[in-house]
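What follows is a single structure, written as structure tokens, with notes after it.
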Amino acid sequence: MVQIGDTIVSFDLFQEYFCCNFSHCKGACCIEGDAGAPVLIDEVEKLEEALEVIAPEMSPEARAVVDEQGVVYTDRDGDLVTSIVNGKDCVFASRDEKGGCICLIEKAFNEGRTAWRKPASCYLYPVRLRKVGDLTAVNFHKWDVCRSAFIKGRRNGVRAYEFLKGPLTERFGEEWYRELLIVADELKKQGFFNR
């Protein structure tokens, strides 16, 4: 790991290839797993505000879950996560006309109906953030449902930190991302990427 400002960044972010391949995975990250997407405490209010906009588009099952337990719950690991339907599907997920899974919050954002895109854990994926004392660990999460993203990233020569330029810059700022690029260049000079 390398420290940049008040973050510690996993070397996997530099070394791993990654390029989301939605046409292959169909958004499986929104409907697979045994818990919802991690949520920061200050995102709960944003989820509730987005709910007012997207509730009519949600499935009846998703609305029933939200009515019963709210937009988030604490999972078995003690993490705050989005509520889920049938033990796996995010309540904010829906299907598009081609059968792909879409985030209703992001759809509303892209249509200008909300000012917030979606939880940081979703926008930053495959990065997962974790507090470590006063620092934020920027970890790389490997999940089998993203196998096609690893393949596409390698085929296109796109490393995870490059693919995530927009989300990482939005979360940590332009100066932080410039420092990340300096670290990446130094690692390249040291032959790190050849391993």
Exercise for review: Take segment 62-101 and flag every residue that is more than 18 Å from the chain's Cα centre (by Cα), closer than 22 Å to Val145 by Cβ and of a type in the set (Gly, Ala, Ser).
Suggested key: Ala62, Gly87, Gly99
Exercise for review: Looking only at segment 137-161, count how many residues are buried (at least 16 other Cβ atoms within 10 Å of the Cβ), within 15 Å of the chain's Cα centre (by Cα) and in a helix (DSSP H, G or I).
Suggested key: 4
Point to revise | Boolean, Glu179 is closer than 22 Å to Ile41 by Cα, of a type outside the set (Lys, Arg), assigned to a helix (DSSP H, G or I) and open to solvent by 20 Å² or more (accessible area, probe 1.4 Å) | key: no
Review point. Has segment 113-136 got at least one residue that is acidic (Asp, Glu) and either assigned to a helix (DSSP H, G or I) or surrounded by 12 or more Cβ atoms within 10 Å (Cβ to Cβ) (or both)?
Key: no
Practice item. Considering every residue within segment 60-72, establish whether at least one is in a helix (DSSP H, G or I), of a type in the set (Gly, Ala, Ser) and surrounded by 13 or more Cβ atoms within 10 Å (Cβ to Cβ). Key: yes
Check your understanding: Right, Arg147: within 22 Å of Tyr17 (Cα to Cα), modelled with pLDDT under 90 and basic (Lys, Arg) or not?
Key -> yes
Review point. Within segment 148-159, is even one residue in contact with a Gly (Cβ under 9 Å, 6 or more places away or on another chain) and over 30 Å from Val66 (Cα atoms)?
Key: yes
Check your understanding: If you check Asp67 against the conditions, is it modelled with pLDDT under 90 and of a type in the set (Asp, Glu)?
Key -> no
Review point. Among the residues of segment 156-167, which ones are free of Cβ contacts under 8 Å to residues at least 60 places away in the same chain and among the charged types (D, E, K, R)?
Key: Glu162, Lys165
Practice item. Select from segment 162-176 the residues that are under 14 Å from Leu13 (Cβ atoms) and either in contact with a Cys (Cβ under 7 Å, 6 or more places away or on another chain) or outside any helix (DSSP H, G or I) (or both) and list them in ascending order. Key: Phe163, Leu164
Exercise for review: Could you tell me whether segment 77-87 includes any residue that is touching a helix residue (DSSP H, G or I) at 6+ places or on another chain (Cβ under 8 Å), open to solvent by less than 20 Å² (accessible area, probe 1.4 Å), part of a helix (DSSP H, G or I) and not hydroxyl-bearing (Ser, Thr, Tyr)?
Suggested key: no
Exercise for review: Please go through segment 32-43 and pick out each residue that is buried (at least 16 other Cβ atoms within 10 Å of the Cβ) and farther than 14 Å from Cys90 by Cα.
Suggested key: Glu43
Point to revise | Which listed residue is over 14 Å from the mean Cα position of the chain (by Cα) and either closer than 29 Å to Glu52 by Cα or without any contact (Cβ under 8 Å) to a residue 24 or more places away in the chain (or both), from Glu170, Glu174 | key: Glu174
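The values are calculated or read from the model by the stated rules, or taken from the named source; none is laboratory data. Note that the structure is a prediction, hence the values are computed from the model and not measured. Virtual Cβ from ideal backbone geometry, glycine too; neighbours counted across all protein chains shown. With ligands, DNA and RNA removed, areas are computed over all heavy atoms of the protein, side chains included. Shrake-Rupley method; radii C 1.70, N 1.55, O 1.52, S 1.80 Å.
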